[in-house]
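One structure is given below, encoded as structure tokens.
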Amino acid sequence: MRNLKSNILLITLLFFSINSYCQKRFKVKIEEKYETVNQYYLVDEKENILRELDTSKYYIFLAENSLKHFAVFGIKGESGWSAIDSNEKILFKVYNSVNGEPSPDNLIENKIRIIDENNKIGFANEKGEIIIKPQFEIITSFQNNRAIFGKKCEKEYWEKEKHEDGCNHYSIKCSEHGIINEKGEILKFGNYTFEEIAKEINWKNE
């Protein structure tokens with residue numbers, strides 16, 4: 001019985017040790033290797049190298065660079081932006097915040113927009129945990145613990161002809177809008193314009 005309790009205690013300690021390691025905070029160190037290739041390192045707060053990333057795999061890093069539980073990269077063979085932890089595990093896909101331009105979303109009020117394979121949008125927190133599962137067609141970042149979402153949305157392209165490279169600018173128009181709180185609970189929804197909802201909660205496009 002004593003041996004069983006000892007084994008359970010050891011397994012519990014190992015679990016928390018592994019979990020703590022997975023939650024390690026880090027940032028990205030960048031060195032120019034060739035004219036068109038950068039070498040990326042994952043380093044801790046003392047600049048100790050945790051990982052040297054494969055230059056043939058990680059091709060772009062544009063996110064704000066500070067100590068976090070995840071980093072956002074463009075990865076060959078993966079669509080869009082991928083958030084990885086200190087073990088290079090892909091945690092989720094990150095929403096591109098500017099239409100027609102490479103611009104991965106950033107943490108705002110400790111939340112970052114994420115996207116699934118069906119292009120639905122949700123949120124993860126600063127620890128890399130998904131806190132609001134992807135379910136929205138379009139949604140803003142949070143301001144004062146509120147975010148505005150839209151339904152029945154359509155793209156309106158700025159130019160009549162689309163560019164072959166995929167860099168096409170467009171606006172998104174939705175016929176219905178609503179508000180959620182930090183828990184993902186819908187506080188209001190209906191046949192409102194974005195401007196009406198934004199004015200009601202004093203949401204500003206910053």
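Points worth noting:
- Residue list for the range 29-50, restricted to those being open to solvent by less than 80 Å² (accessible area, probe 1.4 Å), assigned to a strand (DSSP E or B) and in contact with a Leu (Cβ under 9 Å, 6 or more places away or on another chain): 29, 39, 40, 41, 42, 43, 50
- Neighbours by Cβ (under 8 Å, 6+ apart or cross-chain): first from the range 93-120, at pLDDT below 95; second hydroxyl-bearing (Ser, Thr, Tyr) and not in a loop (DSSP other than H, G, I, E, B): 99/170; 99/171; 100/170
- Within the range 58-73, the set of residues being within 13 Å of residue 38 (Cα to Cα) and at pLDDT below 95 comprises 58, 59, 60, 61, 62.
- Listed here are the strands (runs of 3 or more DSSP E) enclosed by the range 54-123 that have at least 1 residues being aliphatic (A, V, I, L, M) and open to solvent by less than 30 Å² (accessible area, probe 1.4 Å): 71-75, 81-84, 90-94, 111-115.
- Hey, residue 183 out of contact with any helix residue (DSSP H, G or I) (no Cβ under 6 Å at 6 or more places or on another chain), among the basic types (Lys, Arg), modelled with pLDDT of 95 or more and open to solvent by less than 70 Å² (accessible area, probe 1.4 Å) or not: no
The values are calculated or read from the model by the stated rules, or taken from the named source; none is laboratory data. Not measured: the values here are computed from a predicted model. Glycine gets a Cβ as well: all are built from the backbone with ideal geometry, and neighbour counts include every protein chain shown. Heavy atoms of the whole protein, side chains included, go into the accessibility calculation; ligands, DNA and RNA do not. Shrake-Rupley method; radii C 1.70, N 1.55, O 1.52, S 1.80 Å.
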